[in-house]
Structures are given as structure tokens and as C-alpha cells.
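Here the structure is laid out as C-alpha cells; the discussion comes afterwards.
The values are calculated or read from the model by the stated rules, or taken from the named source; none is laboratory data. Because the structure is predicted, anything quoted here is derived from the model rather than measured. Don't worry about glycine lacking a Cβ; one is built from the backbone with ideal geometry, like all the others, and counts go over all protein chains shown. These accessible areas exclude ligands, DNA and RNA; they are computed on the full protein's heavy atoms, side chains included. Shrake-Rupley method; radii C 1.70, N 1.55, O 1.52, S 1.80 Å.
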Amino acid sequence: MKHVSCITPIDGRYARLTGVLSNIFSESGLIHHRIHVELKWLKFLIMDLKVHQVVPADQPLDLSKLDVLINDFNADDALRVKEIESRTNHDVKAVEYFIKDALDAAGLAPIREWVHFACTSEDINNTAYGLMLKKGKDLVVELLKNFVAEIEKKALLYKRVPMMSRTHGQAATPTTPGKEFINFAWRLNQEIQVLENTKIQVKINGATGNYNAHVFAFPEIDWMAASERFIRDYLGLEPMLFTTQINPNTALSRVLHAMVRAAAVMIDFDRDMWGYISLGYFKQRIKEGETGSSTMPHKVNPIDFENSEGNMGLAISMMEHLAVKLQKSRFQRDLSDSTVLRSLGTVFGYFTIGMKNAQKGLSKVDLNHEVLERDLDDNPELLAEPLQTVMRVYGEENPYERLKDLTRGRKIQKADLARFVDKLEKVPSEVRERMRALSPSTYVGLAESLVDRYFKNKS
């Protein structure tokens, strides 16, 4: 019940859906990632660059304790950092002091002053957020792949089932539900590829991006090569050299814009499913004990798709702001990015809620074959398109206009089309026979083949 006092639904109402994000994007998660970077940088300085030899230690250094400090991080450590911050009024400096205290306790006091060596706070922050972003990106890819896998299953199940399309909300050329599901799978796969191919870029180059303090202290070290080596080998991220004090967040923007597009696809999917349920094309399974409406007992509402749409809308609005805002900073640094970056977890929270609710909604629907068949049978005018197209082939005069006069805004019967075909003068008899035999349920083009082509291309 502790969630009822939360300000945002991410940690409150929907905490069961977003708990996996807590260790990454919470305040404790940010502190942990900062400690991770600080200690990895310390280890790099000592083991790779061997800078500590300038001031020889009086005793052997057990550097395995640095990894222990990273791996054993817990909630009490986070609270200790926050307590230090209450005095320093500086979050990264609080992390530095926390680490120095931990080194003293671990018998590593001789290297305590190498903590945060030549670093500006942004060196630690941008790398910490880079690690967080990489984990968040991987979770998004997993969510998208899981969802795509589910709609692929539906596509295979329904690839041969004819369904009347709706363009402008009106009856249109038939398709199959399987083909429509594959459209969404293909679109989401485009963004999955972008996300998977996006390398998270970070920097560690000092107060204005020029390695000033680094070079002054150790002019003999190739600091550009060293920082690249540290970022790749110790953090598993992609180095960037050309920055001010802050990371220009190109990779973050690329990730968020891909997520914006994926969220837009999901809203499109949510709205289509909402519409198909409204038309009766899909039935929702009833769960014992659930209530659809507080006053209308009969209601079974498509709430999961509505929930997904709403949360994806929130995610898009925030992602668009972050993606653009975080590429801007006055001169070499201002602090407006810092407060915005702290909402990164909120973005991933809304996106996660949207994805999980869409998948939940999808798992509760079944195709209503009876309604699909009835809609197709009730709309023989759908065949006006293929008939006028064939009439063009054989030189019939004004084919489009003649079918328009027969069908536009009018309900006709299949017999009306048969009589129309019988009066054609230039179309060969065997072709007229095909035209008479055609029905909306068989006029689905290559819908099934397109589903097969999708899976062939994917294999």
C-alpha cells in the first residue's frame, strides 16, 4: 500500500510494471553508476596509466577491493552519499567523499587522492548516464522484440482470413488481419535496428573538453588515446572527443527519437485495435470478477489499448523535449540539462507501461470470424475496384465512371454486379466468368504472400 502516496503513477499505480527500471534510473541507481565510473577511472589510472607511481605507495595495493566496492553497493550506501550531499550541496562531490571514506576503510588510503583525478562532474555524470542509457535501451529493445513476436504469432494465425479494410473509416479493399499485424511488426523492426545499431557515446576530457588538467599534470601521456581506451575497455561505451564540458548527447537524442517513432507506431496499433474491437472484429476475453463500467454492467472496455495509447503519448512528449533540449547548452556549459536528465527514467517508465499494456491487451483478444464474414458479404460494392480495373484492360468505355454510378453511396447486391458484368461488350467471356465468380472474401490480393515474404526476409 506504500504506492498510494507516490506522486507519479510510475512508482505508484504502475510500479509492478516499472520495477525493473528502479535499479537503473532511480536516485540510488544514478549514485551507483557514478560510483562505478569513479572507481573504474581510479582503476584505469593505476593499472593502465600507472600514475600512482609518481607517489609510491608504502604497501601493496589490493585493487580487487575496488570491484568489491562497486558490486557490494546497497541502499545504505546510497543513503550515506545523500547524507554527505546534504553538507556539500554537490551530488558528485558527495560521491567522491563517499569513495574516499570507503578506500580508507578498505586499506587503500594511499590512492584516495587519485579519486576524481582531472575530472569535472560532467565526466562522471555523462558516463554514468551513458551506462544507464545503454541498459534502458536494451530493455526497450527487449520489450519491442517481445511485442513483435506476439504480433507475428497473430499474423501467422490470421494470414489467410479475409477482412474488410477501412480507409477514412469507410468500407475499402479487403486485406487480412495477418497482413495488418505484419505491417506493425515491420515498422517496429525498423526502430529495433536503429536502437541496436546506436552506440552510446560518452566523454571524459575535463572542464571544457580539452584535457587541460590532464596534460598539465602528465604531459607525456596521450590523453586522447587514454580516454578512448578507458571508455571502450572499462565502460563498454563509445568514446567521443569533440565536446565542451558536456556531452552533446547525440546518441541519447538518436535513441529517444527512435523510441518516439516506436511509440507512434504503438499508438497507431492501439487505435487500430480499439477500432477493430469497436467494430466487433475482435472479441475480448472476459475475466471473472472484473468490471467494465460502474453503471453499465454489459461493458467490456478496451482499456489496455487505451492505457497504452495514453502512456505512449506522455512518453513521446517527454522524449521529444529531452531529445532536443539535451543537445543545447550555453557556451561551454550551463546546468539546464542536469535537471532534465533526471527525468530520463520517467521517459522509460511511461514507454514501458505503454508497451506492457499493449501486449496485455493483445493477449486478451480473439478474432471474430463471424463478424468479418458478415461485413464482407454485406459490401459487394468492394468489387467495383477490380471490375473497373479489368474493364480498362479490355478497352471498355468509361469503366470508372460506370462503376461509380452503380456503387457510390449506394448499397447493392452481388446480383447487381453480375448483371453489370453480363452487359460488358469488350471483355472476353472467360474473363467475365472470373469477374462474376469474384467475391469480397476472395479479393485479398497478395496479403497472405506478403506475410510469407516478411518471414522469409527475416530468416
Item to complete: Among the residues of the range 195-213, write down those that are surrounded by fewer than 17 Cβ atoms within 10 Å (Cβ to Cβ) and assigned to a helix (DSSP H, G or I).
Response: Glu196, Asn197, Asn212, Ala213
Item to complete: Considering every residue within the range 111-127, establish whether at least one is open to solvent by less than 40 Å² (accessible area, probe 1.4 Å), free of Cβ contacts under 8 Å to residues at least 40 places away in the same chain and either more than 30 Å from Thr339 (Cβ to Cβ) or not β-branched (Val, Ile, Thr) (or both).
Response: yes
Worksheet item: Can you pull out the residues in the range 427-454 that are in contact with a helix residue (DSSP H, G or I) (Cβ under 8 Å, 6 or more places away or on another chain), of a type outside the set (Val, Ile, Thr) and open to solvent by less than 70 Å² (accessible area, probe 1.4 Å)?
Response: Arg432, Met435, Leu438, Ser439, Pro440, Ser441, Tyr443, Ala447, Glu448, Tyr454
Worksheet, complete the sentence: So, first residue more than 13 Å from Met259 (Cα to Cα) and open to solvent by less than 40 Å² (accessible area, probe 1.4 Å) in the range 135-149, second residue part of a helix (DSSP H, G or I) and of a type in the set (S, T, N, Q), Cβ within less than 6 Å, six or more apart or across chains; the pairs are Phe147/Gln359
Worksheet, complete the sentence: Reported set for the range 395-453 where residues are on the phi > 0 side of the Ramachandran plot and modelled with pLDDT of 95 or more is Gly395, Asn398, Gly445
Practice prompt. Would you please name the residue that is farthest from Arg254 (Cα to Cα), looking only at residues in the range 159-194 that are buried (at least 19 other Cβ atoms within 10 Å of the Cβ) and among the basic types (Lys, Arg)?
Written response: Lys159
Discussion item. Tell me whether the range 355-364 contains one or more residues that are open to solvent by 20 Å² or more (accessible area, probe 1.4 Å), of a type in the set (D, E, K, R), without any contact (Cβ under 8 Å) to a residue 12 or more places away in the chain and not in a helix (DSSP H, G or I).
Written reply: no
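Quick grid of which residues meet (1) over 21 Å from Met47 (Cα atoms); (2) part of a helix (DSSP H, G or I); (3) out of contact with any strand residue (DSSP E or B) (no Cβ under 8 Å at 6 or more places or on another chain); (4) open to solvent by 60 Å² or more (accessible area, probe 1.4 Å):
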position	(1), (2), (3), (4)
Val215	no, yes, yes, yes
Pro219	no, no, yes, yes
Tyr234	no, yes, yes, no
Leu241	yes, no, yes, no
Ala263	yes, yes, yes, no
Ile267	yes, yes, yes, no
Met273	yes, yes, no, no
Ile277	yes, yes, no, no
Practice prompt. Among the helices (runs of 4 or more DSSP H) lying completely within the range 1-105, list those that include at least 3 residues that are within 26 Å of His214 (Cβ to Cβ) and in contact (Cβ under 8 Å) with a residue 24 or more places away in the chain.
Written response: 27-47, 64-71, 91-105
Discussion item. Any residue at all in the range 298-319 that's assigned to a loop (DSSP other than H, G, I, E, B) and in contact (Cβ under 8 Å) with a residue 60 or more places away in the chain?
Written reply: no
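Residue by residue, here is whether (1) under 21 Å from the mean Cα position of the chain (by Cα); (2) within 30 Å of Leu108 (Cα to Cα); (3) open to solvent by 10 Å² or more (accessible area, probe 1.4 Å) holds:
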{"position": "Cys6", "(1), (2), (3)": "no, no, yes"}
{"position": "Asp11", "(1), (2), (3)": "yes, no, yes"}
{"position": "Ile24", "(1), (2), (3)": "yes, yes, yes"}
{"position": "Ser28", "(1), (2), (3)": "no, yes, yes"}
{"position": "Arg34", "(1), (2), (3)": "no, yes, no"}
{"position": "Trp41", "(1), (2), (3)": "no, yes, no"}
{"position": "Phe44", "(1), (2), (3)": "no, yes, no"}
